[in-house]
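Asker: The structure is given below, and queries will be raised subsequently.
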């Protein structure tokens, strides 16, 4: 029990600090695709263009641009594909919700199958097999 | 000459596979003896061997009349990469696939005797699958195309007709730079292919069982070892891929949720679910419908994976080819999925007659939950990978789905899985009384919470990391406690060490799984620490400068260049020092490898692996006098690789000692079946 208290006390403050500029820039850079690389994010790609774009993002964050403004800038220049996060609207929303939907369907299917009642009793051979195992 | 021999080999393999499809069917219906299978199988095997041998001969002798050789190798390519070129590029990889399939077909055929209808039918299915792969080799993915017009380097025109007038290119283009940068590239694909192709065997037996309307668990018993072996190789292949990405690719990570990485992960997830689910069916006769569905899904996903990787439909770090192969694989995938599901729908009511789940709180319930979670995980990765493709196909818009989506959505599933891994294996069968479970879980839970608190005290402030530490510690502690509890019963007779070994040997399937679970827990911790606690810093240095990064200090000594026949290297020599900037640890040499056939250089990092953390340095740009490097510090990175090894070791343990196979069904084993297999 003491352990739980220690953990809660230790972790609670950590979850409330707002992101500073550098962290915000990195967060934005890791959700934007590097346009001329091979699929990595701006934060991850080992290419000069990625470094330049990252510096650009840092600059804009320091100038006071909001997240949406920066994303909007990149989308306008490089297209929708530069966002690594599917949007929270339209088909993108469907994508985010799909796992939850499948979980719901799966649980429902399992529970309703069980409620349908037992199948015919297993043959004697199967019962014997169960004893032997 | 090699072209001709190779092409004839492919044709022989097609003929053999088609014949096998037919003869297998005949044998399974009792109309012919099993000996009739021998010839088709031999044709398939020898044809596949001839194709691979011819290809490698052409490569190793620099026969640039073969278009594939001219496209993927050069006279300056080192021997190992020459050898690896046999499977590193598109057509060659399919030749390797065919060879592995042929060998497995041969091995399965050896277990089929007259009267073994199931085995013969399974061989028939494998033959039909072989027709597809060897058929591809003969048509859209032909490695033996002849060079009919040469360019300065490589071929300008090719012909599939083996007797066309062959012109030898003056030199080859050479392998893709990423493929000749590190020795691991030679090993990673074959490992994965053995895993992929290995899944064909349980699939074939499942189809055979469905088609014949056979009840029981025979098909599972006979293919259990195959599934385990395939799983072990898949796990190895994925780990090697992650290690390659980390050591070679310079972006400071081991997993990018890249479509091709996902293509390997998907069959692995489903096969893991299948292995667990099959254990329940063998023991309790339940989850039969699940098992059919899972093995069909696993096989279909290997095809999907090949499609994603080899069709060029997704631009990623891996796929660099575009050809007619894509639509062909897609068509076959569609056929397999439609056909298998149709057969499944038609027959499943015949073959599944199982005792119902008595209680969700039981080992069976845990397995069912496991099935659900792993399937959910796979489904999520699948839709995330396919979403950009589908959107582009239907609307023309180009979108991306990357790490942010995958990480966020799979994290809760991973937590749930870890929890299930902890409790599931110690839950009693049929009904788990809470008191029983609590005694097995009480102490490990306390240990886990203490370790979690310890992590917080040591300075970890990331909530997900602490959760992972608690869950992983829980898993390991539960397993350790159970092993201990079973071993001390025998401690009086033999020593403790021997008692432990005895327990492990008594039920290798179970304990192999538990060992693998320990490996999984270690991997989970390593992923958490190396992600949440990693430090990354971009550093600018002039020669002689030293900069502090985390607990270390990096000093730039100077740059260097190197020229070999294969490539030209530009690198930086740095000294890694302790925080005081005076005690040297070692020299680090990150570099850029430039290959003659490509303008893009491959950034190769240098990694220093330590007990507490890894220091990872890669070149990020700048000039020799104004160097820009990325320095990463990854805590506990070695735990990832150790965890991977332990996971594979668990799989091998399940395999290696499984000599006393338990025959669970009433059907007499056919004479040809390997005992205990």
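The values are calculated or read from the model by the stated rules, or taken from the named source; none is laboratory data. Everything numeric in this text was worked out from a predicted model, so none of it was measured. Because the Cβ atoms are built from the backbone with ideal geometry, glycine has one as well, and the counts that use them run over all protein chains shown.
Asker: Could you tell me whether any residue of the stretch B:449-457 is surrounded by fewer than 21 Cβ atoms within 10 Å (Cβ to Cβ) and more than 9 Å from chain A (Cβ to nearest Cβ)?
Answerer: no
Asker: Modelled with pLDDT of 85 or more and either closer than 30 Å to residue B:458 by Cβ or buried (at least 21 other Cβ atoms within 10 Å of the Cβ) (or both) - does that describe any residue in the stretch A:5-20?
Answerer: Looking through the stretch A:5-20, none of the residues is modelled with pLDDT of 85 or more and either closer than 30 Å to residue B:458 by Cβ or buried (at least 21 other Cβ atoms within 10 Å of the Cβ) (or both).
Asker: Check off (1) surrounded by 15 or more Cβ atoms within 10 Å (Cβ to Cβ); (2) closer than 25 Å to residue B:391 by Cβ; (3) at pLDDT below 85 for residue A:71 and give me the number that stays unchecked.
Answerer: (3)
Asker: Please specify each residue of the stretch B:409-430 satisfying the condition of being more than 15 Å from residue B:467 (Cβ to Cβ) and assigned to a helix (DSSP H, G or I).
Answerer: Selection gives B:409, B:423, B:424, B:425, B:426.
Asker: Continuing with this model, one more query. Condition (residue is touching a helix residue (DSSP H, G or I) at 6+ places or on another chain (Cβ under 7 Å), modelled with pLDDT of 90 or more and within 30 Å of residue A:88 (Cα to Cα)) applied to the stretch B:418-425: is it met by at least one residue?
Answerer: Scanning the stretch B:418-425, I find at least one residue that is touching a helix residue (DSSP H, G or I) at 6+ places or on another chain (Cβ under 7 Å), modelled with pLDDT of 90 or more and within 30 Å of residue A:88 (Cα to Cα), so the answer is yes.
Asker: Right, something else. For the stretch B:455-567, which helices (runs of 4 or more DSSP H) that fit wholly inside it have 2 or more residues that are at pLDDT below 90 and within 27 Å of residue B:438 (Cβ to Cβ)?
Answerer: Passing ranges, in order: B:463-488, B:496-506.
Asker: Looking at residue B:469, is it more than 14 Å from chain A (Cβ to nearest Cβ) and either under 34 Å from the mean Cα position of the chain (by Cα) or farther than 23 Å from residue B:655 by Cα (or both)?
Answerer: So residue B:469 does not fit the description; no.
Asker: Taking only the stretch B:595-619 into account, find how many residues are within 14 Å of another protein chain (Cβ to nearest Cβ) and closer than 23 Å to residue B:563 by Cβ.
Answerer: Adding up the residues that qualify gives 12.
Asker: Six or more apart or on different chains, Cβ under 9 Å: which pairs go from a residue in the stretch B:294-320 that's within 13 Å of chain A (Cβ to nearest Cβ) to one that's at pLDDT 85 or above and not in a helix (DSSP H, G or I)? Could you list them?
Answerer: Short answer, once both residue conditions are applied: B:314/B:258; B:316/B:256; B:316/B:258; B:317/B:256; B:317/B:258; B:318/B:258.
Asker: Within the stretch B:298-324, how many residues turn out to be under 22 Å from residue B:198 (Cβ atoms) and modelled with pLDDT of 75 or more?
Answerer: Count: 13.
Asker: Also: Hey, does the stretch A:49-65 have a residue that's facing chain B (nearest Cβ under 9 Å) and touching a residue at least 24 places away in the same chain (Cβ under 8 Å)?
Answerer: Within the stretch A:49-65, one or more residues are facing chain B (nearest Cβ under 9 Å) and touching a residue at least 24 places away in the same chain (Cβ under 8 Å).
Asker: Within the stretch B:370-425, restricting attention to residues that are touching a strand residue (DSSP E or B) at 6+ places or on another chain (Cβ under 9 Å) and surrounded by 20 or more Cβ atoms within 10 Å (Cβ to Cβ), which residue is nearest to the other protein chains (Cβ to nearest Cβ)?
Answerer: B:402
Asker: What residue, among those in the stretch B:240-271 that are over 22 Å from residue B:408 (Cα atoms) and crowded, with 21+ Cβ neighbours inside 10 Å, is farthest from the other protein chains (Cβ to nearest Cβ)?
Answerer: Among those residues, the one meeting the criterion is B:271.
Yes/no per residue for (1) under 23 Å from residue B:11 (Cα atoms); (2) buried (at least 24 other Cβ atoms within 10 Å of the Cβ):
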position: B:74; (1), (2): no, yes
position: B:83; (1), (2): no, no
position: B:91; (1), (2): yes, yes
position: B:96; (1), (2): yes, no
position: B:106; (1), (2): yes, no
position: B:123; (1), (2): yes, yes
position: B:132; (1), (2): yes, no
position: B:139; (1), (2): yes, no
position: B:142; (1), (2): yes, no
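Asker: Determine whether residue A:46 is modelled with pLDDT under 75 and away from chain B (no Cβ under 13 Å).
Answerer: Answer is no for this residue.
Asker: Only one of these conditions is not met by residue B:356: (1) out of contact with any helix residue (DSSP H, G or I) (no Cβ under 9 Å at 6 or more places or on another chain); (2) over 17 Å from residue B:294 (Cα atoms). Which number is it?
Answerer: (1)
Asker: Still on this structure: Evaluate the stretch B:51-62: report whether one residue or more is touching a strand residue (DSSP E or B) at 6+ places or on another chain (Cβ under 9 Å), under 30 Å from residue B:165 (Cβ atoms) and surrounded by fewer than 24 Cβ atoms within 10 Å (Cβ to Cβ).
Answerer: No, that holds for no residue.
Asker: Filter the stretch B:621-669 down to the residues that are surrounded by fewer than 22 Cβ atoms within 10 Å (Cβ to Cβ), at pLDDT below 90 and not in a loop (DSSP other than H, G, I, E, B) and list them by number.
Answerer: The answer is B:621, B:622, B:628, B:655, B:656.
Asker: Go over the candidates B:34, B:13 one by one and state the one that is closer than 23 Å to residue B:142 by Cβ and crowded, with 19+ Cβ neighbours inside 10 Å.
Answerer: Only one candidate passes the filter, namely B:13.
Asker: Looking at residue B:361, is it modelled with pLDDT of 95 or more, over 30 Å from residue B:175 (Cα atoms) and within 14 Å of chain A (Cβ to nearest Cβ)?
Answerer: Against the criterion (modelled with pLDDT of 95 or more, over 30 Å from residue B:175 (Cα atoms) and within 14 Å of chain A (Cβ to nearest Cβ)), residue B:361 does not qualify.
Asker: Further, regarding this structure: Within the stretch B:584-602, how many residues are in a loop (DSSP other than H, G, I, E, B) and touching a strand residue (DSSP E or B) at 6+ places or on another chain (Cβ under 6 Å)?
Answerer: Looking only at that region, the number is 3.
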